[in-house]
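> Let me give you the structure first, and then I'll get to my questions.
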Amino acid sequence: MTFTEKFGVFVCEGDAITCEVDGFDIAARILRDDSPDAPDERQDGFWPSEYIGDPGFIGPGPNWRQRLAEARTKAETIMAAWREDEWFYCGIVLSVSREGVTLCEHAATLWGVEANYPGADNSYLTDVANELLPEALTEAHATLARLCAGHIQTAARG
């Protein structure tokens, strides 16, 4: 039970992959995360540091100055790409339907995921969708059970 379809190496908001499991049609969509926080505001240790108490501490060890310089260059590249809107934070949102009826629009979600991150191929977006799949199916089964129970109660009264 996995998504066999994969997100592309470049994605846009609204892109989706789909699969069918146990009669449920599941879609995993990419939605832009509405938090305006920059990467260095979201991640402790984003900026590499030579100071041992800092979250981004690089060292000790061989070539620590070179590793620090390389890590700073990488962080600057990532920030520049984010500022240019070359990559963004997104949510992976799974919705579930059955026979054309949407049961759960947000059956499972994970936010704060990097999309089009420099040097990455977006394969982890599909990994996230697959990790969310069991939660979405559990929610779909629960929703379907509630709907069926409500239908039975209505029929009994009627």
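The values are calculated or read from the model by the stated rules, or taken from the named source; none is laboratory data. Fair warning: this is a prediction, and the values are worked out from it, not measured in the lab. Cβ sites come from the backbone with ideal geometry, for glycine too, and all protein chains shown count toward neighbours.
> Go through region 9-23 and report how many residues are over 21 Å from Leu137 (Cα atoms), touching a residue at least 40 places away in the same chain (Cβ under 8 Å) and loosely packed, with under 14 Cβ neighbours inside 10 Å.
Total meeting the criteria: 3.
> Is there a residue in region 105-119 that is among the hydrophobic types (A, V, I, L, M, F, W, C), in contact with a Ser or Thr (Cβ under 7 Å, 6 or more places away or on another chain) and modelled with pLDDT of 95 or more?
yes
> Oh, and also: Among the residues of region 42-56, which ones are farther than 18 Å from Ile78 by Cβ and touching a residue at least 12 places away in the same chain (Cβ under 8 Å)?
Within region 42-56, just Glu50 meets the criteria.
> Further question on the same structure: Are any of the residues in region 97-104 more than 19 Å from the chain's Cα centre (by Cα), assigned to a loop (DSSP other than H, G, I, E, B) and surrounded by fewer than 12 Cβ atoms within 10 Å (Cβ to Cβ)? Step through it out loud before you land on a result.
Residues of region 97-104 more than 19 Å from the chain's Cα centre (by Cα): 97-103.
Right, trim to assigned to a loop (DSSP other than H, G, I, E, B) and you get 99-100.
Now drop any that are not surrounded by fewer than 12 Cβ atoms within 10 Å (Cβ to Cβ), which leaves 99-100.
Yes, because at least one residue in region 97-104 is more than 19 Å from the chain's Cα centre (by Cα), assigned to a loop (DSSP other than H, G, I, E, B) and surrounded by fewer than 12 Cβ atoms within 10 Å (Cβ to Cβ).
> Testing Asp85 on (1) within 18 Å of the chain's Cα centre (by Cα); (2) outside any loop (DSSP other than H, G, I, E, B); (3) surrounded by fewer than 12 Cβ atoms within 10 Å (Cβ to Cβ), one condition comes back false. Which one is that?
(2)
> Tell me, which residue of region 29-39 that is in contact with an Asp or Glu (Cβ under 9 Å, 6 or more places away or on another chain) and closer than 13 Å to Val93 by Cβ is surrounded by the fewest Cβ atoms within 10 Å (Cβ to Cβ)?
The selected residue is Arg32.
A quick yes/no check of all residues on (1) in contact with a Leu (Cβ under 9 Å, 6 or more places away or on another chain); (2) touching a residue at least 40 places away in the same chain (Cβ under 8 Å); (3) farther than 30 Å from Pro48 by Cα:
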position: Lys74; (1), (2), (3): no, no, no
position: Trp82; (1), (2), (3): no, yes, no
position: Tyr89; (1), (2), (3): no, yes, no
position: Ser95; (1), (2), (3): yes, yes, yes
position: His106; (1), (2), (3): yes, no, yes
position: Tyr117; (1), (2), (3): no, no, no
position: Tyr124; (1), (2), (3): no, no, no
position: Ala140; (1), (2), (3): yes, yes, yes
position: Ala149; (1), (2), (3): no, no, yes
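Okay, residues lined up against (1) under 18 Å from Pro134 (Cβ atoms); (2) among the acidic types (Asp, Glu):
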residue	(1), (2)
Phe10	no, no
Asp22	yes, yes
Asp40	no, yes
Cys90	no, no
Ser97	yes, no
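> Hey, Thr4 hits all of (1) closer than 30 Å to Glu139 by Cα; (2) loosely packed, with under 13 Cβ neighbours inside 10 Å; (3) in contact (Cβ under 8 Å) with a residue 40 or more places away in the chain; (4) out of contact with any helix residue (DSSP H, G or I) (no Cβ under 6 Å at 6 or more places or on another chain) but one; which does it fall short on?
It is condition (3) that Thr4 fails.
> Which ones in region 38-52 are in a loop (DSSP other than H, G, I, E, B), of a type in the set (D, E, K, R) and touching a strand residue (DSSP E or B) at 6+ places or on another chain (Cβ under 9 Å)?
Glu50
> Just checking, does region 109-128 include any residue being in contact with a strand residue (DSSP E or B) (Cβ under 6 Å, 6 or more places away or on another chain), among the charged types (D, E, K, R) and loosely packed, with under 14 Cβ neighbours inside 10 Å?
The answer is no; no qualifying residue exists.
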